[in-house]
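The values are calculated or read from the model by the stated rules, or taken from the named source; none is laboratory data. Predicted model, so just to flag it, every value in this text is computed and none were measured. Every residue, glycine as well, gets a Cβ built from its backbone with ideal geometry; the counts of neighbours run over all protein chains shown.
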Amino acid sequence: MTPAQFLARVKKNDIPPVILFLGQEGYNRRRCREALIAARAIAAEQFDMAESSLAAVIDDARAMSLFASERLMFAMAAETAMPRVSRASAASSEADDADEGEPESRSSKSGSNEEALLAAYVKDPTPGVTLVFEATRWDFDGDDKSKTERVRKYYGSISEVVEFRRYAPEEARTEVERLARAMKIVLEPAAAEALVEALAADVARIAVELEKLQLYGKPVTAESLPLLVPDARQSTIFALVNALGRRDRARSLDALDALVREGEYLPLALTFLAGQFRMALVAKEANLKGSYQVQSHFQRAGVPMWGSRAEQVATTASKFSKQQLERGLALICDADRDLRSARPDDRTVIEDFVVRLCA
């Protein structure tokens, strides 16, 4: 089911009792969450499944409330409920997935028991309770594809699945134009194109920037956009990180080309990449799941971190293995050394880094 189809059902008050939200795209997921909360007109309850078992969440859903006839429950980080995949019973790629942070304490036997509990609940849900499982750690393409399919299989008893797929650039452009019209923002076509490219077609972040642009009160041009959206260059660097995580050399070089066109100081871009990889490695070693846990972990350690930054770190940690992050940091050190010595130019050094990391 697409987000648009789900929103249409919510508008008709045709809301399933058990739903699986699957995928990383945040803009439509937020819209669907808000639509559910508005339709139920009640405060939502939130559970972190990295800390609560599937059985505990289902037991809570079975409990009748003394104060409300309806309940809306969101079970976050639903992928962490899956049992660890052993090397003996999985193909090598799946075993590598298991090394990337799935909980070691949950055996396949307990996982089967919890799957049976979920299947029983789906057949006989508690009246008035809407239970939403959110599995947002992995995407639908590349190395994430097999992991997402495992999540889908584990929650196979849930027939109502909403897929939150990332926007293609042309889809993001259409949505940007729609949002700009709704907000009464005069956004020139070249500016809309530049905004989509700068923010890597991330409509969730684009929507935030458009809300800020409402205060500008003048037509937004491609020339004025960099002054109005200071995060644009950093977001293009994050697009480079995403492409590197997919080992997509062509897209990585395209993102690098965009940075050069924007006049980015490449040694500073490399510094950002180094920080991104270091924090992702910390998240990987601490077995953190999702932006909420990443933000909490770093803030407890005294490192200020805002939500969008935590989401970037969580995404980077999900796309790279521990060994790949360590290798990436070693290559960044090499590139930093080359930038400080005699070299053809900064771009050649960074291009060499991209090619070596994607090899």
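Under the condition of being modelled with pLDDT of 90 or more and not in a helix (DSSP H, G or I), the residues counted in the range 6-39 number 12. Set side by side, the residues L331, L266, L256 differ, and just one is in contact with a Lys or Arg (Cβ under 6 Å, 6 or more places away or on another chain) and of a type outside the set (G, A, S), which is L331. Just one of the listed residues (Q295, Q299) is out of contact with any Lys or Arg (no Cβ under 9 Å at 6 or more places or on another chain), part of a helix (DSSP H, G or I) and modelled with pLDDT of 80 or more, namely Q299. Within the bounds of the range 115-127, is there any residue that is modelled with pLDDT of 90 or more, hydroxyl-bearing (S, T, Y), crowded, with 22+ Cβ neighbours inside 10 Å and part of a helix (DSSP H, G or I)? The answer is yes; a qualifying residue exists.
Looking only at the range 128-141, which residues are surrounded by fewer than 19 Cβ atoms within 10 Å (Cβ to Cβ) and farther than 17 Å from S69 by Cα? Matches in the range 128-141: F140, D141. For the range 52-71, the count of residues that are among the hydrophobic types (A, V, I, L, M, F, W, C), surrounded by 20 or more Cβ atoms within 10 Å (Cβ to Cβ), touching a helix residue (DSSP H, G or I) at 6+ places or on another chain (Cβ under 9 Å) and outside any helix (DSSP H, G or I) is zero.
Checked against the criterion of being at pLDDT below 85, assigned to a helix (DSSP H, G or I), surrounded by fewer than 19 Cβ atoms within 10 Å (Cβ to Cβ) and among the acidic types (D, E), the range 162-170 has at least one qualifying residue.
Is there a residue in the range 307-318 that is surrounded by fewer than 16 Cβ atoms within 10 Å (Cβ to Cβ) and not aromatic (F, W, Y)? Yes, because at least one residue in the range 307-318 is surrounded by fewer than 16 Cβ atoms within 10 Å (Cβ to Cβ) and not aromatic (F, W, Y). In this structure, does T236 turn out to be polar (S, T, N, Q) and at pLDDT 80 or above? In short, no. G275 meets the conditions (1) more than 22 Å from the chain's Cα centre (by Cα); (2) modelled with pLDDT of 80 or more in every case but one. The failed one is (1).
When the range 188-208 is filtered for residues that are at pLDDT 85 or above and either crowded, with 21+ Cβ neighbours inside 10 Å or basic (K, R) (or both), the ones remaining, listed by number, are V203, I206. Within the range 128-161, track down each residue that is among the β-branched types (V, I, T) and either closer than 29 Å to V313 by Cβ or assigned to a loop (DSSP other than H, G, I, E, B) (or both). Of everything in the range 128-161, those that are among the β-branched types (V, I, T) and either closer than 29 Å to V313 by Cβ or assigned to a loop (DSSP other than H, G, I, E, B) (or both) turn out to be V132, T136, T148, V151, I158, V161. Quick check on the range 35-51. Is at least one of its residues of a type in the set (K, R) and surrounded by fewer than 18 Cβ atoms within 10 Å (Cβ to Cβ)? The answer is no; no qualifying residue exists. Applying the selection to the range 267-286, what residues are over 15 Å from Q324 (Cβ atoms) and either surrounded by fewer than 16 Cβ atoms within 10 Å (Cβ to Cβ) or touching a Phe, Trp or Tyr at 6+ places or on another chain (Cβ under 6 Å) (or both)? Hits for the range 267-286 are P267, L268, T271, G275, A286. Taking residues in the range 53-65 that are on the phi < 0 side of the Ramachandran plot, and partners anywhere that are surrounded by 14 or more Cβ atoms within 10 Å (Cβ to Cβ) and in a loop (DSSP other than H, G, I, E, B), the pairs with Cβ atoms closer than 6 Å and at least 6 places apart or on different chains are A61/T126; R62/T126.
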